[in-house]
Structure formats: C-alpha cells, structure tokens
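The structure appears below as structure tokens.
The values are calculated or read from the model by the stated rules, or taken from the named source; none is laboratory data. Every value quoted in this text rests on a predicted model; they were computed, and no experiment measured them. Quick reminder, even Gly has a Cβ in these numbers, built from the backbone with ideal geometry, and neighbours come from all protein chains shown. Remember, those area values only see protein heavy atoms, side chains included, never the ligands or the DNA or RNA. Shrake-Rupley method; radii C 1.70, N 1.55, O 1.52, S 1.80 Å.
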Amino acid sequence: MFPNSPSLGRTPLPLPPGHPQHQAGNLYGKLPINLAPELLNPEQLLHAHINFQKNANLSRMLMSGNVLPLPPMPSQPSWPYGNRGPLASPGSSSSTFQNRKRRSDEGNVPYDVKRQRFHSPQQSSPAVHQSVPLRDDLRYSFPGSVPLPLLQSPPPDINGSVVHSGDSWLFDHMEAALPVAKDKLSQQILELFQACQQQIIDLKKKDVCRAELQREIQQIFPQSRLYLVGSSLNGFGTRSSDADLCLVMKEEPINQKTEARHILSLLQKHFYTRLSYIERPQLIRAKVPIVKFRDKVSGVEFDLNVNNVVGIRNTFLLRTYAHMENRVRPMVLVVKKWAGHHGINDASRGTLSSYSLVLMVLHYLQTLPEPILPCLQKKYPEYFNPTMQLHLVHQAPRNVPQYISKNGACLGDLLVGFLRYFAIEFEWSKKMISVREAKALPRTDGIEWRNKYICVEEPFDRTNTARAVHEKQKFDLIQEEFLKAWVRLRDNRDLNSVLPVRGIIGKQKR
C-alpha cells in the first residue's frame, strides 16, 4: 500500500437546525455507501454538501436515495480545516480568517513570471452557484482510473496534530545520528544543517493539510489520490521549504496540456470559492502545469500537479540516498543554501532548480575515487524500476541496507571538493550528469541535450532537469559562483566567506 493517503471517508458539513434530514433520522448513516451518483450534474456534485437548504430539488433527490451519501461527520471541535473557515493556527495573531469573506481584490490580479503565467479567478468569473464545466469522462472518475491500494496516513487528532499509527515510517530517520565534525568548516556545516533542516512538526503540518485536501478533492474525483512529494518527503527539506503535491488520477500518463490543465482549473475554482483555508490559488500554465496556493492554517505554500508520477518515484529514490549515509543531507542543505544566497537556485529565473542541485551533489558523491554513495538503480533495480506500481514505491527505502563507505572525508573537504569539481573539472559542454549511471555520460544529440548549457539527467524519465538554464549569461553566472566559492573556501575554510551562517541560523530561531 502507498504511504500518504488518508481514509476514504468524506467529511460533510453539519446540517443546519431544522433541516428536513434531522427529522429523517440522518440518512447519511443509512444510505448504501457505494450508491452510484447518476442524477447529479457537475454543479450539484460540487455543491451538494453545502446547498441542501437552498436547493429543494437536491434535497428531494437525497431523500429518494439518488445521491452519493456521505458518512456522519466525526466530532472534531478543534479541527482547523473545513469550509466554515480555519481556526487560528498557533503561529497566528488572531482568528482573522474565520468566516470572513474574500476581499474583492484578493487573488484576482494576474501577473507574469519569466516564461510562466499566473491566473487567479476574476470577480467576474463564474459565481458560486454557477455551473462548472466538467467533461463527461471526468465527472465521477477519470478514464482508466481504478481504486489504488494506498497506506493510510496518521489520522489527525482533535488538535490537528498527527497521531502515529502504522505510518510511523513517515518520520523515520528524521533524528538520525550526524557525522562527527573535527574541523571548523565541518562544524559550521553541521550547525547550519541542524538549525535549518525540516522538523517533524513541519512534516506533520504538511501531511495534515494534504489529508484534508484529499478528502475535499475526492468529492469531485472519488478515485484520485493525493501524494506529498519532493523535498518535504525526500529528506532534503528545510524549515522554509514549500510543499509539492501530486494528484494521481490513474497510473497511465495523461496529457499535461489538456487533461491536467482542465482538472487543475476545476480545482483552482473549487479552492477559490469553497475552501476558506486556501489562499491565492493560482494556475500556472507551465510544461507541467500546477496550482500554487497557501494554506492559511499551517502557513505552508503548496504546488499541486496532476499525474506527474515521476515525482513520486524520484521522491523515494532521493529519500533512500538521503538516509543511507549521514553526510549526504548536510551536504545537500549547505549547497542549496549557498546557491540560493548567490542567486543560482531559481529555475523560474533561468538558473538551477533545487532538484538539479540535489542530483549534482549525489553525482559528485557517487563519482569520487572512493565513492560515498552507490548507484541504487544499478545495485537494486528491483526497488527502483520506473515501471513499478506506485503503491509499492514507498517500500524501497526500507528494503535497501545501510551503505558503509570506505571514504572517511569530512564535510568540509567534501564541500570544497564539490565546488572544485563543478568549477574546473566537469566538462559542461561534453558531459551530462547521471545519477542513474553514477557517472558523467557523453552528451547525445537528443533534443533534451542538444545546445544545452547544463545537462542533468532525471533518473527515471531521463529528461534534462536543468533545461531552465538556457541563457549564456545565466550559465556564466553559475560557473562564476562555483569558482569564487571554491577559491574562498579552499583558502580560508570558513563557511561565512560564502554564506552568512549566523544570519541564516538566527532567522530560523525567530
């Protein structure tokens, strides 16, 4: 079963006093759960759990048994999510967002980001009760979708925190032993890592929101599943990391320009009009389209895609690498912090994505004369097969044994070596970085690699994760920053010479 999916129960809103169903003895608990919803149109499907009192026709359908029923709402007096408006989160100053209406100017101004377009619903867009166009083949299930066997997430308790159940694996290794620092630079790297690494409470907040959103989305797409992916789960997240979500409609690929955009546009409208705890949902029409939004309860920014399942596979590949050697995570974190500080960690601005930087670190640790990391896809192909069913993918990190490297290099030496490797050793114009093969491969003439400044192979679908670096000026900037950082650390062995360590740590403690 797959890891992070909540129970399949749908949580309705409480019925208002005097509603006819109070006299009917609460039909939610009496109608058969698997009753097919054949008579509801898309508008009614989206709003059935809100408009009982105002829509007499809908009420009559419910009483006659023609509506997909919902089980009784569990008692959760402090549950911070729901259409009634979120409760004030621990970090908020007041319950400002409770039951408030959206401001007329909130989230309705489109704005441009390089090569991307953000769109929020205009006030002139369809009103709350206006029908949302939903294609017939997307109405209640997605073509080819089947019930996916998934492991349930830890259920939230009444205070919104996660109770550990059979999913304690989600928090495995988060407090694993760190390497010993015997020099100043290594100690600085460890201090930075300890201050900035994602904490258990950060992961809990993200997973609670994911579980609530899945319940909401399943009102529209009952067979869908929502996964937490990316740095939040792969071991390389920080306290300030955004969260990535992947909505899986079926195991086969879908057209990202048509089906995925259509699904996301429906969800964007639904989030905007119905979920008071979701702030600024914006549809980004990129190669892999996403909806960006902020959860007001946790304060976390989310990116939601549809069926980009390679993100699920690489999440657990990277999770395995992250926890098989205790020098890997501190190395990745310091590299990401350094790259972000120097403006070379932003794919939307033509530089390196965090994913590319992680792959570059893993590649370097794999290709040392005495490797610190093995090649997992070669050594354990049965656990990292690109065709493996999604509900089995999460088992890989628990099946791969700990790797014992003969390389005893300290973190400081590894960081200096990493910067030197990409500053003066790696042949950017001839080679591509491959974690899948654990070596630098000759460039081919494929469209992914031709005339590209930086080539970093995605381990599963073999695309170029660094394709955003398409300007010579940005490539030169990246090379220059690697060279400057290498020279400074080689000469003074002080992390403060390339990164304001005290400032970053102080910010995390506030």
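Structure above, values below:
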{"item": "Selection count, the range 455-490, where residues are more than 27 Å from Pro381 (Cβ to Cβ) and touching a Leu at 6+ places or on another chain (Cβ under 7 Å)", "result": "6"}
{"item": "Residues satisfying the stated conditions in the range 488-510, i.e. without any contact (Cβ under 8 Å) to a residue 12 or more places away in the chain and open to solvent by less than 30 Å² (accessible area, probe 1.4 Å)", "result": "Gly506"}
{"item": "Qualifying residue in the range 400-423 (condition: under 17 Å from Phe316 (Cα atoms) and either touching a Phe, Trp or Tyr at 6+ places or on another chain (Cβ under 8 Å) or at pLDDT 95 or above (or both))", "result": "yes"}
{"item": "2 or more residues open to solvent by less than 10 Å² (accessible area, probe 1.4 Å) and on the phi > 0 side of the Ramachandran plot: qualifying helices (runs of 4 or more DSSP H) within the range 291-393", "result": "none"}
{"item": "Subset of the range 235-248 (residues that are surrounded by 22 or more Cβ atoms within 10 Å (Cβ to Cβ) and within 23 Å of Leu264 (Cβ to Cβ))", "result": "Ala243, Asp244, Leu245, Cys246, Leu247, Val248"}
{"item": "In the range 389-435, the residues that are among the basic types (Lys, Arg) and more than 13 Å from Val361 (Cα to Cα)", "result": "Arg398, Lys406, Lys430, Lys431"}
{"item": "Yes/no for Asn407 being surrounded by fewer than 18 Cβ atoms within 10 Å (Cβ to Cβ), under 25 Å from the mean Cα position of the chain (by Cα) and not in a helix (DSSP H, G or I)", "result": "no"}
{"item": "Tally of residues being assigned to a helix (DSSP H, G or I) and buried (at least 18 other Cβ atoms within 10 Å of the Cβ) across the range 424-444", "result": "0"}
{"item": "Some residue of the range 279-288 being open to solvent by 30 Å² or more (accessible area, probe 1.4 Å), of a type in the set (A, V, I, L, M, F, W, C) and not in a helix (DSSP H, G or I)", "result": "yes"}
{"item": "Sole residue being part of a loop (DSSP other than H, G, I, E, B) and surrounded by fewer than 20 Cβ atoms within 10 Å (Cβ to Cβ), chosen from Glu259, Glu251", "result": "Glu251"}
{"item": "Pairs with Cβ under 7 Å, 6+ apart, first in the range 291-314 and in contact (Cβ under 8 Å) with a residue 24 or more places away in the chain and more than 15 Å from Ser241 (Cβ to Cβ), second among the polar types (S, T, N, Q) and not in a strand (DSSP E or B)", "result": "Val291/Gln268; Val297/Ser89"}
{"item": "Meets criteria (of a type in the set (Gly, Ala, Ser), assigned to a helix (DSSP H, G or I) and open to solvent by less than 50 Å² (accessible area, probe 1.4 Å)) for Ala485", "result": "yes"}
{"item": "Given (1) in contact with a Gly (Cβ under 7 Å, 6 or more places away or on another chain); (2) open to solvent by 10 Å² or more (accessible area, probe 1.4 Å), index of the condition Val180 fails", "result": "(1)"}
